[in-house]
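The values are calculated or read from the model by the stated rules, or taken from the named source; none is laboratory data. Since the model is a prediction, treat every value here as computed from it, not as a measurement. Here the Cβ positions follow ideal geometry from the backbone for every residue, glycine too, while neighbour counts run over all protein chains shown. Ligands, DNA and RNA are stripped out before the accessible areas are found, and what is left, the full protein with its side chains, is counted by its heavy atoms. Shrake-Rupley method; radii C 1.70, N 1.55, O 1.52, S 1.80 Å.
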Amino acid sequence: MRTAYSVETVRAAERELMARLAEGALMQRAAAGLAAACADLLGRVYGSRVVLLVGSGDNGGDALYAGARLARRGAGVTAVLLAPERTHGAGLAALRRAGGTVAGSGAAEELVLRADLVVDGIVGIGGKGGLRPEAVPLAGYAADSRAAVVAVDLPSGIEADTGEVRGTAVRADLTVTFGTHKPGLLIDPGREYAGSVRLVDIGLELPEEAGLEALQHADVAARLPVPGAESDKYRRGVVGIAAGSARYPGAAVLAVSGALRGGAGAVRYVGPAADAVISRFPETLVSDQGPARAGRVQAWVVGPGVGDDASAVAEVLGADVPVLVDADGLRLADRSAVRARTAPTLMTPHAGEAAALLGVSRESVEGARLASVRELALRYGATVLLKGSTTLVADPEGGAVRVNATGTAWLATAGSGDVLSGLVGSLLAAGLSALDAGSVGAYLHGLAGRFAADGAPLGAHDVAAAIPEAWRDVRDALR
């Protein structure tokens, strides 16, 4: 599992380690890893042109020491100093001894545009509030150049704890981060600026519980429900789907399509789209008696395409089983009814729906995704899966937020969320916790989207059809 820790936690671990090491040893570890990554990216170090964008403090020191290592290997290294009077003195001396040169910010544009590699050491992980005005042009020069851009620990202008971007930020091809991932490297919009991320182990001892978790194939495989020899369809779990309407029968069909491939033994459908569902998926158990009289289920999915049918949403929320609320259900669900539930509740809004629930703009949610998902989980006393290019899953009790980035931009298509709801609901019925069901479902859904698209447009039904392929691909991690 990939984990990320807050700046405060990282700083505490660094202080503890530095107390046991010789002065400057920790920075030398970081610089060695940074220089190695830069050399790998360059391919041929000798004769290459490297420009260091150096701010004050240790982040700039890392860049200077790494630049000194590259200079000793024959690279032409120039450091552009944003604050000469506050530049890391020992790092600057090391660069000069190795043959590197120094320039002021006035020469930055020409240097950067001629560079093969630009190293962003402007701001460290403690930076807040976006780039200072004097640093903004440097980010622009790097973006305009053909050079590869390497960020030191985190692209400058990204807030490490949240991934928020306030104004201009450096857009890196590679981020070399030290000790652990930072949340801003895994969460959009910051993730979009980080490029590839390379983690350099510098020996930090970190707490067992992280601030952020990202499941990998093996983690997902270990959580997938697998039937045993004594399993039958009821022991494997039955998921109820209350979805669709005369206007949106397709939402019901797509939710059922995801549920049938999610690991539960059977799917019950309740709603006005029964004919459409049964014609497409004859294995579905259909009912016209309403959710409360549909028969036994181990979890419910409610909301996709229900229109204004508030009664169905209220009935499902009254059930003493895990419930997933999506789409129209989010608008119709009474917050006090959600908070009063004793069984788990999982809400799955996209940014626009989350904004409506929080009473803020969509831009506010998209710019502060981590804070938004945590606030929603707290307000509703529910686990919340916030959809997006990086999906976030937060529990109301706190703890690590799960982040998933397996998806593709092609998943931004009508009905894709309905498939996800059915898939996650099926995992709930099979016995996964709300946190696991949401994060495992998002992982499989994103992977299925990649397989189905393969670089071309797709429909939501294609995503559902690719779920078994994603499932098998993940299971291969256990072999």
Worksheet, complete the sentence: Rounded to the nearest whole number, the per residue volume of the convex hull around the C-alpha atoms of segment 97-137 in Å³ is 111 Å³
Worksheet entry | Straight-distance crosslink candidates among aspartates and glutamates, where the alpha carbon sits under 13 Å from K387 and sequence neighbours closer than 8 are dropped | D188, D326, E353, E366, D418
Worksheet entry | Among V373, A135, V152 - extreme Cα towards positive end, dipole of the chain, charges at beta-carbon | V152
Worksheet item: Give me the Kirkwood hydrodynamic radius of segment 92-164 in Å, from all C-alpha pairs, to one decimal place?
Response: 13.3 Å
Item to complete: Rounded to the nearest 500, what is the 222 nm mean residue ellipticity of the chain from helices alone, with -39500 (n - 2.57) per DSSP H run of 4+ residues and division by all residues?
Response: -12000 deg cm²/dmol
Worksheet item: Rounded if a/c is under 1.5, else prolate if a/b is larger than b/c, else oblate: which is segment 357-396, with a ≥ b ≥ c the root eigenvalues of its Cα gyration tensor?
Response: oblate
Practice prompt. Starting from the eigenvalues of the Cα gyration tensor, five times each then square-rooted, give me the equivalent ellipsoid semi-axes of segment 137-266, largest first, whole Å.
Written response: 42, 23, 12
Worksheet entry | Extreme residue, positive dipole direction of segment 295-362, given options L330, A343, V316 (C-beta unit charges) | A343
Worksheet item: Once the mean 1/r over all distinct Cα pairs of segment 1-151 is inverted, what Kirkwood radius in angstroms do you read off?
Response: 15.7 Å
Discussion item. When 1/r is averaged over all different Cα pairs and the result inverted, which Kirkwood radius in Å belongs to the chain?
Written reply: 23.9 Å
Discussion item. Once neighbouring chains are kept in place and the probe is 1.4 Å, which whole percent of the accessible area of segment 299-409 is contributed by carbon and sulfur?
Written reply: 50 percent
Discussion item. Tell me the volume per residue, in Å³, of the convex hull enclosing the alpha carbons of segment 396-479.
Written reply: 109 Å³
Worksheet item: Whose amide H sits under 5 Å from the amide H of G57, counting only residues 5 or more places off or on another chain, with H placed in the peptide plane?
Response: H88
Worksheet entry | Net charge dipole size for the chain [Lys, Arg +1 and Asp, Glu -1 on Cβ; Debye, nearest 20] | 700 debye
Worksheet item: From the phi of every residue in segment 263-280, what ³J(HN,Hα) in whole Hz does the Karplus formula 6.51 cos²θ - 1.76 cosθ + 1.60 yield, where θ is phi - 60° and glycine or proline is x?
Response: x, 6, x, 7, 10, 9, 10, 10, x, x, 9, 4, 4, 5, 5, 5, 6, 8
Worksheet entry | FRET efficiency for R331 and D201, using Cβ-Cβ distance with R0 set to 45 Å, rounded to 0.05 | 0.45
Item to complete: Against the globular-protein guess of 2.2 N^0.38 Å, express the Cα radius of gyration of segment 33-120 as a ratio, rounded to two decimals.
Response: 0.95
